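Data block below; observations after.
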């Protein structure tokens with residue numbers, strides 16, 4: 001049995017790749033092989049005998065992260081990484097939607113995980129509510145997908161993309177990606193999909209909650225000093241809109257945090273206002289909190305994850 005990964009030559013590594021994903025798929029991933037080289041690979045594989053799981057895993061990881069040379073006749077590396085989903089960057093939002101529209105939720109999630117958050121939202125918002133919920137659940141479960149499955153899906157979708165009307169490295173997705181997607185939805189959708197996660201996968205919902213910040217989290221979980229910093233820097237008119245609809249006791253506690261001069265300037269927003277406008281002002285505070293997190297002033301993950309906080 002082959003147990004020593006470090007003793008493998010470049011040719012033997014490609015032979016292992018062929019054994020794991022199959023010759024057809026391997027040939028679509030490793031381009032430019034001559035018939036002589038393919039015969040060498042087949043012959044090498046036949047002489048290697050049984051290959052241990054750990055060796056196969058190491059070879060697949062090396063292949064995926066681009067350390068395996070495409071020149072199978074050499075042992076060195078040429079630094080050319082092979083990324084199963086690289087082709088996605090050349091597709092428009094409409095093409096991406098057409099590519100995954102008829103796919104199962106796990107395949108859609110795997111594909112969306114490769115995209116930037118903004119582009120991801122452009123695609124996911126085209127799905128109906130039920131499929132959106134399924135995709136969000138699957139997005140947090142990609143760690144369970146075998147690497148050869150990832151490569152196979154990437155190769156199949158790449159082939160499929162060539163038939164689309166013309167007009168990245170693989171990411172495992174996870175809780176943070178789901179939180180980023182939720183951040184692009186309105187508050188009603190956010191609440192609905194968080195409930196979907198709670199029903200379908202409570203453990204994943206708990207992980208997402210560590211990254212998914214809401215205005216209520218600021219009010220209920222942030223230390224008073226941090227809340228004071230957020231509210232003091234805001235215009236009083238913006239603050240009045242953001243707290244619209246909250247219990248008066250909560251509003252009073254926020255106003256009490258302000259300097260006396262700002263307290264005197266504060267006036268409640270009179271009359272009705274759209275929920276969209278309120279959500280927009282609250283999002284401003286969320287963005288400020290995320291900026292503080294990025295700067296290292298606070299840790300949103302610690303706050304939302306129940307870490308110990310000291311005033």
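The residues on offer are 244, 262, and the sole one that is at pLDDT 90 or above and under 16 Å from residue 285 (Cα atoms) is 244. The set of residues in the stretch 7-32 that are buried (at least 18 other Cβ atoms within 10 Å of the Cβ) and modelled with pLDDT of 75 or more comprises 8, 11, 12, 13, 14, 15, 16, 17, 18, 20. Checked against the criterion of being touching a helix residue (DSSP H, G or I) at 6+ places or on another chain (Cβ under 7 Å), in a helix (DSSP H, G or I), surrounded by 12 or more Cβ atoms within 10 Å (Cβ to Cβ) and at pLDDT below 90, the candidates 284, 293, 279 yield just one match: 293.
Can you name every residue in the stretch 124-140 that is farther than 13 Å from residue 104 by Cα and surrounded by fewer than 22 Cβ atoms within 10 Å (Cβ to Cβ)? Residues satisfying the conditions are 125, 126, 128, 129.
Got a sec? Which of 59, 72, 55 is within 19 Å of residue 152 (Cβ to Cβ), modelled with pLDDT under 85, touching a helix residue (DSSP H, G or I) at 6+ places or on another chain (Cβ under 8 Å) and outside the structural domain of residue 153 (by TED's automatic domain parsing)?
On the way: 72 fails: within 19 Å of residue 152 (Cβ to Cβ); 55 fails: within 19 Å of residue 152 (Cβ to Cβ).
Just a single option satisfies the conditions, and that option is 59.
The values are calculated or read from the model by the stated rules, or taken from the named source; none is laboratory data. Because the structure is predicted, anything quoted here is derived from the model rather than measured. Please note: Cβ atoms are built from the backbone with ideal geometry, for glycine as well, and neighbour counts cover all protein chains shown.
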